[in-house]
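Below you'll find the structure, written out as structure tokens, and then a few comments.
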Amino acid sequence: MGVVNVTPDSFSDGGRYLDPSAAIAHGRELAEAGAAILDVGGESTRPGAAPVAVDEELRRVEPVVAALAGVAAAVSVDTSKAAVAEAALDAGAAIVNDVTALRGDPEMAALVADRGAGLVLMHMAGDPRTMQVNPEYGDVVAEVRDFLAARLEAAVAAGVDESRIWLDPGIGFGKTDRHNFELLRGIPELAMLGRPILVGTSRKSFIGRQDGSTAEGRLGGTIATSILAATAGAEILRVHDVSEMSQALKVASAVLG
């Protein structure tokens with residue numbers, strides 16, 4: 001899954017693809033580099049990020065989704081707002097990537113169910129403005145597993161086809177570095193829920209805190225965590241550097257047979 005941020009304030013590439021034409025060109029490059037899915041988002045969910053109004057998020061996302069829906073890769077929309085998801089699905093998106101796991105908008109579950117769309121349910125403690133304020137867990141893997149199990153059950157009860165649901169432990173969303181590493185080690189336990197696991201570690205700050213690297217200098221850590229996640233059972237990797245990640249996956253796959 002290649003990341004297409006149509007935002008001015010994303011932590012890794014804020015503003016670089018805010019112009020729709022730049023975002024569209026970037027998405028096409030990611031598809032050519034090997035992305036099976038293009039994840040288009042118009043609202044940053046980095047720690048401390050402020051919410052974006054529906055109209056503004058629509059303005060950012062809709063033209064990019066419409067243009068990318070014709071490329072080889074499937075398009076997902078990274079939003080927690082039903083109005084934005086509906087417009088994106090109308091424009092050709094096939095997946096809704098909801099960081100609130102259907103808790104952010106009471107209309108989202110019915111929309112996804114009605115459209116037969118794919119759905120990503122992610123764990124997040126609090127919201128982007130508060131999630132990194134002293135996050136605490138007794139057993140982070142067990143608590144995230146139980147949360148995802150409950151949200152999966154709620155989505156299915158609302159009519160979403162279980163076979164279309166993916167689960168994301170939310171690396172970096174209300175977790176300390178230790179929590180992130182424990183969750184990466186705990187992927188086999190999360191996979192026991194019976195749904196594909198999506199993992200996004202790309203360029204995140206917990207990588208940088210291991211060596212002091214900035215966002216664009218975290219490719220090595222992204223590859224390491226992503227390959228380890230894949231070998232542990234993750235089926236979808238959300239990354240910024242698609243070409244390098246595709247190569248790493250091919251070589252790791254060849255080694256592992």
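So the values come out like this:
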read-out	value
I197 being in contact with a helix residue (DSSP H, G or I) (Cβ under 8 Å, 6 or more places away or on another chain), surrounded by 15 or more Cβ atoms within 10 Å (Cβ to Cβ), without any contact (Cβ under 8 Å) to a residue 40 or more places away in the chain and of a type in the set (A, V, I, L, M, F, W, C)	yes
Residue within the stretch 138-154 that is within 29 Å of N180 (Cα to Cα), without any contact (Cβ under 8 Å) to a residue 60 or more places away in the chain, out of contact with any Pro (no Cβ under 6 Å at 6 or more places or on another chain) and not in a helix (DSSP H, G or I) present	yes
Test: T231 is β-branched (V, I, T), surrounded by fewer than 22 Cβ atoms within 10 Å (Cβ to Cβ) and more than 28 Å from G118 (Cα to Cα)	no
Subset tally (residues that are over 21 Å from L183 (Cβ atoms) and assigned to a loop (DSSP other than H, G, I, E, B)) for the stretch 214-257	3
Sole residue being touching a helix residue (DSSP H, G or I) at 6+ places or on another chain (Cβ under 9 Å) and farther than 19 Å from I171 by Cβ, chosen from D78, D105	D105
Of the criteria (1) part of a loop (DSSP other than H, G, I, E, B); (2) within 20 Å of V61 (Cβ to Cβ); (3) touching a residue at least 60 places away in the same chain (Cβ under 8 Å), which one V120 fails	(1)
Single residue of A74, A110 found to be under 17 Å from the mean Cα position of the chain (by Cα), aliphatic (A, V, I, L, M), modelled with pLDDT of 95 or more and surrounded by fewer than 20 Cβ atoms within 10 Å (Cβ to Cβ)	A74
Candidates R59, R16, filtered to the one that is surrounded by fewer than 17 Cβ atoms within 10 Å (Cβ to Cβ) and closer than 24 Å to I207 by Cα	R16
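The values are calculated or read from the model by the stated rules, or taken from the named source; none is laboratory data. Computed from a predicted model, the values in this text were never measured in an experiment. Backbone-built Cβ (ideal geometry, glycine too); neighbour counts: all protein chains shown.
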